[in-house]
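Since the structure comes first, as structure tokens, the remarks are kept for the end.
The values are calculated or read from the model by the stated rules, or taken from the named source; none is laboratory data. Being a predicted model, the structure only gives us computed values, none of them experimental. Quick reminder, even Gly has a Cβ in these numbers, built from the backbone with ideal geometry, and neighbours come from all protein chains shown.
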Amino acid sequence: MLTAMDLPDILPVFPLPGALLLPRARLPLHVFEPRYLALLDDTLKTSHRLIGMIQPYPDARAERPRLHAIGCAGRVTAFSETEDGRYMITLTGVSRFRVTGEVEGFTPYRRCEVSWQGFERDLGGPETDENLDRGAFLALLARYFEAEQLRTDWDSLREADDELLIDSLSMLCPFDPEDKQALLEAPSLATRRETLVTLIRFALAGSGSGEDRMQ
């Protein structure tokens with residue numbers, strides 16, 4: 001397990017709209033662009049094997065779109081190479097970070113100066129949500145999944161611990177990139193759950209499924 005002393009001051013970053021990584025969660029990625037193949041090759045040579053997942057602002061015309069201030073670093077914990085030179089990798093979330101500057105250089109990918117201050121809790125054990133009403137939460141989720149025509153393993157959701165339940169849904173639900181950013185920046189698991197519930201309610205209202213009462 002990485003400690004605060006292991007975290008670098010400069011991170012290679014992978015700007016990917018809509019991709020959300022959270023501490024202790026896992027994110028599978030298919031890497032095929034030459035610049036990100038180079039990023040991965042360089043990352044695997046480091047002791048920390050960290051890649052910063054971060055969302056760019058939506059500006060399709062910009063060659064180097066502006067990045068959000070907060071991202072999450074993931075450690076490469078699994079990878080396999082295809083016959084044509086692409087990679088299938090898994091990132092395991094370690095800690096969120098704040099971008100303090102961008103490093104200019106000769107790498108084909110972007111690198112950022114980062115600060116880990118304010119995210120010390122990310123390096124600890126799993127969080128719990130004492131105010132989670134699991135029955136009401138899953139009932140609201142069932143309505144959302146029906147409206148969005150999504151499928152899931154309900155037995156696994158019922159048995160999942162608080163953090164796995166809330167963070168997995170935050171990562172997998174088809175929210176807009178800015179909504180994903182709000183989930184990333186939630187300071188605690190409880191506030192992430194509150195944000196998630198708000199987003200689900202908005203989605204249900206937009207689909208004509210009505211409002212739900214849930215605290």
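Do you know which residues across region 1-45 are assigned to a helix (DSSP H, G or I), out of contact with any helix residue (DSSP H, G or I) (no Cβ under 9 Å at 6 or more places or on another chain) and either in contact (Cβ under 8 Å) with a residue 24 or more places away in the chain or among the β-branched types (Val, Ile, Thr) (or both)?
The answer is 6, 34, 35, 36, 37, 38, 39, 40, 42, 43.
Condition (residue is in contact with a helix residue (DSSP H, G or I) (Cβ under 9 Å, 6 or more places away or on another chain), more than 25 Å from residue 15 (Cα to Cα) and hydrophobic (A, V, I, L, M, F, W, C)) applied to region 123-136: is it met by at least one residue?
yes
Taking residue 107 as the residue in question, decide whether it is on the phi < 0 side of the Ramachandran plot, in contact (Cβ under 8 Å) with a residue 12 or more places away in the chain, part of a loop (DSSP other than H, G, I, E, B) and of a type in the set (Val, Ile, Thr).
So residue 107 fits the description; yes.
Suppose we filter 32, 79 for residues that are surrounded by 14 or more Cβ atoms within 10 Å (Cβ to Cβ), more than 22 Å from residue 99 (Cβ to Cβ) and among the aromatic types (Phe, Trp, Tyr); which single one remains?
79
Being buried (at least 16 other Cβ atoms within 10 Å of the Cβ) and at pLDDT 95 or above narrows it down to one residue among 11, 16; which is it?
11
List the pairs whose first member sits in region 197-210 and is buried (at least 18 other Cβ atoms within 10 Å of the Cβ), whose second member is among the acidic types (Asp, Glu) and at pLDDT 80 or above, and whose Cβ atoms are under 8 Å apart, counting only residues at least 6 apart or on separate chains?
Going by the 8 Å Cβ cut-off, the qualifying pairs are 199/179; 203/148.
For region 113-191, which helices (runs of 4 or more DSSP H) that fit wholly inside it have 2 or more residues that are under 16 Å from residue 201 (Cα atoms)?
Where helices (runs of 4 or more DSSP H) fall fully within region 113-191 and carry at least 2 residues being under 16 Å from residue 201 (Cα atoms), they are 134-148, 162-172, 177-185.
Mind telling me which of the residues 80, 95 ends up being over 25 Å from residue 183 (Cβ atoms), in a strand (DSSP E or B) and in the same structural domain as residue 11 (by TED's automatic domain parsing)? Spell out the reasoning first.
Details: 95 fails: over 25 Å from residue 183 (Cβ atoms).
Going through 80, 95 in turn, the sole match is 80.
Go through region 127-169 and report how many residues are touching a Lys or Arg at 6+ places or on another chain (Cβ under 6 Å) and not hydrophobic (A, V, I, L, M, F, W, C).
Residues flagged as touching a Lys or Arg at 6+ places or on another chain (Cβ under 6 Å) and not hydrophobic (A, V, I, L, M, F, W, C) within region 127-169 amount to 1.
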